[in-house]
Structures are given as C-alpha cells and as structure tokens.
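Only one structure is covered here, and it is reproduced in the block below.
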Amino acid sequence: MYYKSTRGLEGRIKSSSAIIRGIAADGGLYIPEEIPAIGRPFEDLFRLGYRDIALSIIGKFFTDYTEEELGYCINKAYDSKFDDPGIVPIKEKGGVFFLELFHGETLAFKDIALSILPHLLKSAVRKINIDKEVVILTATSGDTGKAALAGFAGVDGTKIIVFYPHGGISRIQERHMRTQEGDNTYVVGVRGDFDDTQRGVKRIFSDEDFNRILDKEGYIFSSANSINIGRLIPQIVYYIYAYVKLRESGKIKRGESINIVVPTGNFGNILAAYYSKKMGLPVNKLICASNANNVLYDFIKTGTYDRKRKLIATSSPAMDILVSSNLERLLYDISGRSSKTIVNLMDGLNRKGEFKVTDGMRKEMADFYGGFAADSETSETIKYVFSNLGYLIDTHTAVGFNVYQKYLKDSGDDTKTVIASTASPFKFPGSVCVAIDSKYAGMDEFLLLDVLSDISGLEVPGTIKSLKEKEILHSTVCNFNEMKDIISDILGL
C-alpha cells in the first residue's frame, strides 16, 4: 500500500514515511492509493477483542509494518489506560447505539488514535533510520492537544508543541494541557481562533526555508492532527468494531445496514466512517452533525464551501471550526481522484474564502446528510436525553443526537443508528449542568464536577478530579504571526 498527496506534486511513498511527514510538502494530505476491503466475513471477527480487530484493519493500510511491529504498537496503545476493557463500549439508549469513544486518558475520542500514533511514529523512525529529532507540531480546538501531549510525553527522540486558541476552549480543556508534565512537551496559547491557529501550523509545515533550517539543525516536523494519516486510519477501527459487536450480540442482523452519526468540525472522524464504508461496512447514511458553525452543513446542502463568516464560540468548542482540513481527502475522492481539481478548489478557498464543487461531485456525496444544532438546542438535547433516557451526554454528543432527530423527521428512515459519543460529559461540566438545571449557571466548573457526579451517579474520572490542584507548567501566549518565533525559541534555532 502506497500513499500520495491529494495535490499530486509528490511521488508515492510508504505509510511509515507518510506518518513521519504528517503533511505533504505541496500542502496536500496523504491518502492511500486505494481503500482496501475488510476482506473477511464479519462472522470471522466475532469474539475478537478491539486489539485483534485493530490489527486486522490497520494492517491493511500500513503494509510496510510487520505484524509484530503493528501488534506491539496496538498492545501499547490499548492497555489499562482505557477504563473499559472493550475500549469503546456501546450503550443502547432510546433506540440508538451510543459508541462511547471517551474512555481513554483524556476523556475524548482523540485518545483512540493518539494512543497508537506515538508508537507508529517511533517504529517508523527506526524503520527508515532517521537520525533527526521529530518535532510534533499540532493545532488543537481543545481535545487533540491534550491527547497528543499525553501520548508523546516522555517519548524519546520527540518534542511536541501544541498551539491552541487562547480563551477559545473550555477551562478544563485548557488546564488539562497547561498542567502537562514532560520535558519534551510545550503548550502555547494563540491570540485568535482555531482557524488562525490551524492556518499558522499549516504555513509552518509548508515553509521551505524554515524546514531547511530545521533539517540542518537535526529536526524534522510531523503532526498529530488528523491531517496525519497515522492518526486517521486507526479511527476507522471503532466503526467496524461497533458493527461487529452489534452483529455478534444480535442487535443487527446479517446484511443489515446502519447509519452513523458523527459530530464533527474538522471532518476527520466522519471521514474515517466514510472510509469504513468504502472498506465494505454496510453503512446507509453518514450523518454529519455541526454546531452553530455550520459550514459543513451548508456545504453538504449547497455544494458551496464558504468560510467567510464569523466564528461562533459555542458550548461544543472542539467543533468551533470554519476550515475543515480533512474535507480535502473527501473532495479528492469525489472528484475522481483529481489532484488538479483539489489544487483549484484549495486555491479558491485560500484566495476567495470559498469554493463550489461540480454537480457530479455533489452526486458522489449522496451518502451524506448534514444538519446542525444551535447552543439552545444542544442544551435542550442534554436535558431531554438525561431526563427521558437516563443517560448523560456531553455537548458534542448532544449535537449529534439533535441532528439525528432532525434526520429522522426529514427522512422517516428507521435504519439502526450508531452515534459517535466523542467526549465525556465531565469534560464540560458547566454546559452540561446548566443544561440540566439553570440554577448551576455561574458556578465554578471544578465544583460542578461533584454536582454532575451526584445527579448522575457516575464517578468523577480520576484524570479530571485531581486537575485543579495540579501546577500550571505552561503559560506562553503569542500572536498568530509569532508562532514560528516561538518554535525557534523552543528548539534553540
């Protein structure tokens, strides 16, 4: 299996090289030359655990790793740091299946892929005999940053620098990152929103002069964002795993399709679901759920992607994004894998702030349904699910459930449905508590952790419980145009 850039200016490379580079030198994203089939009847996967299914699926994409190398990476990733032996348990509530992706160290779905990425990267460095220190450069809208920091902390031969929008994430998300231990970890707030932060990181990756200086000084950049193919592919696994377990338990019959609902901003998690369908998973509809920053909803509805709008700070901050990086991979696919088309579309986005796809490309998106939820709807959904279904969900999952209800009303489709539950409600105690009862408005988020525990009967996760007492270790804040200078200071360039 070889990989190439969506923009077509690089030659084909192996997966280990694509994982190390993170983003292509031409600014494109690496994609596999073909999407492999699952290749086995689902019945063959019954009674297998998450690690075994991960080995089967990931092994089809990363073919230059040996089975022993991948097995080692998978076993190191999916161990006791997850508080559920199934890694991603499934809860049936109100006739839908919530796929809980938040049982890792940082209580968000990013843990699934970012637990394995450091091991894949370290193995790739050994495989290619790279003698440079790898600098992981990442932009985060809240969750990726902490999950990446936790994954790479203390990993030999790496440094990780995380940029986040200062004041643009929840207090708990920010404190999670700023208390991160590890001599190789760096956290920097950027004055601006996530799109500013993400754009700054992408520019640094494609800055040829700066990269030459890095190379001379013994460094090489890589990324932990879902623009890195090593981060994206492991996310395919949990959709296939969910289907297998639902089949195995008799909840879904042989040959029966499912819908998958994904709350998403950067389009990576739903792209993984799309890839799972291309591998042979029987998926009827991919339901793309946005918050009030509904650029993806508008795109799916009209075929025009328009980022020329004000970014809205919402109660689901991990989705407060106007430039959805992973959409480029889908565009490549639905354009007939035309790099020329991608270059033109991305040029339009950069110069004019928008692009429009052809009618033919829109037809190729028939698998997708787009919807969005305003903050008021998100709150109402949290209260409804808690009061009527006895189930506590976070703001992002609430966006997903709300959009699913709209899809049901629009379509009448009774296909059994899996909703990606992307974060623990304990990551957003303020928004969740206030949704349940307005009397909690204005209370300290850390005090509300105990309130949330009392009203739900759930224990406060240990990683958050001790957070308030932890020492702040990272306090750097910079302007957008100072990001490269910060990196130079950290690396002593």
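What the table below lists for this structure:
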item	result
Whole-number D in µm²/s for the stretch 133-260 (Stokes-Einstein; Kirkwood sum over Cα pairs; 10 °C, 1.306 mPa s)	95 µm²/s
Rg(Cα) / (2.2 N^0.38 Å) computed for the stretch 84-179, rounded to two decimals	1.26
Value in Å of the Kirkwood radius, where the chain supplies the Cα pairs that are averaged	22.6 Å
Alpha-carbon radius of gyration plus Dmax, which is the widest Cα pair, for the stretch 317-421 in Å	17.2, 51
Full-stretch length increase - LYS251, ASP26 - with 0.36 nm per residue and alpha-carbon distance subtracted	76.4 nm
Ratio of the Cα radius of gyration of the stretch 223-363 to 2.2 N^0.38 Å, where N counts its residues	1.11
Helix-derived mean residue ellipticity, 222 nm - over the chain, DSSP H n ≥ 4, -39500 (n - 2.57), to 500	-13000 deg cm²/dmol
Spacing of the two label points (7 Å from each Cα toward its C-beta) at GLU92 and ALA153, in nm	3.9 nm
Residues SER411 and ASP437, FRET efficiency given R0 of 51 Å [Cβ-Cβ distance, rounded to 0.05]	0.95
Quotient of Cα Rg and 2.2 N^0.38 Å for the stretch 426-493, N being how many residues it contains	1.63
When the stretch 72-134 is reduced to its Cα atoms, the Kirkwood hydrodynamic radius in Å	13.3 Å
Tail beyond 27 Å, pair distance distribution of the stretch 365-493 (Cα, percent)	41 percent
Extension gain, ASN388 back to THR476 (0.36 nm per residue minus Cα-Cα distance, nm)	27.2 nm
Extension gain (nm, one decimal) between ILE312 and GLU459, 0.36 nm per residue minus Cα-Cα	49.7 nm
Virtual paramagnetic centre 7 Å along Cα→Cβ of ASP347, amide N under 20 Å, in the stretch 7-23	7-11
Along principal axes, Cα extents of the stretch 21-115, largest first, whole Å	45, 32, 29
Close Lys-Lys pairs in the stretch 380-493, where close means Cα under 18 Å and separation is 8 or more or interchain	7
Qualifying chymotrypsin sites (Phe, Trp or Tyr not before Pro) for the stretch 41-138 [loop in DSSP, other Cβ within 10 Å: at most 14]	PHE46
With at most 11 neighbouring Cβ atoms within 10 Å, loop GluC sites (Glu not before Pro) (DSSP) excluded, longest segment of the chain	35-458
Summed residue charge, Cβ within 12 Å of GLU354's Cβ, Lys/Arg positive, Asp/Glu negative	+3
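Every number here is computed from the coordinates shown, using simple stated rules; none is lab data. Please read all numbers here as calculations on a predicted model, not as lab measurements. No Cβ is skipped: glycine too gets one built from the backbone with ideal geometry, and neighbour counts run over all protein chains shown.
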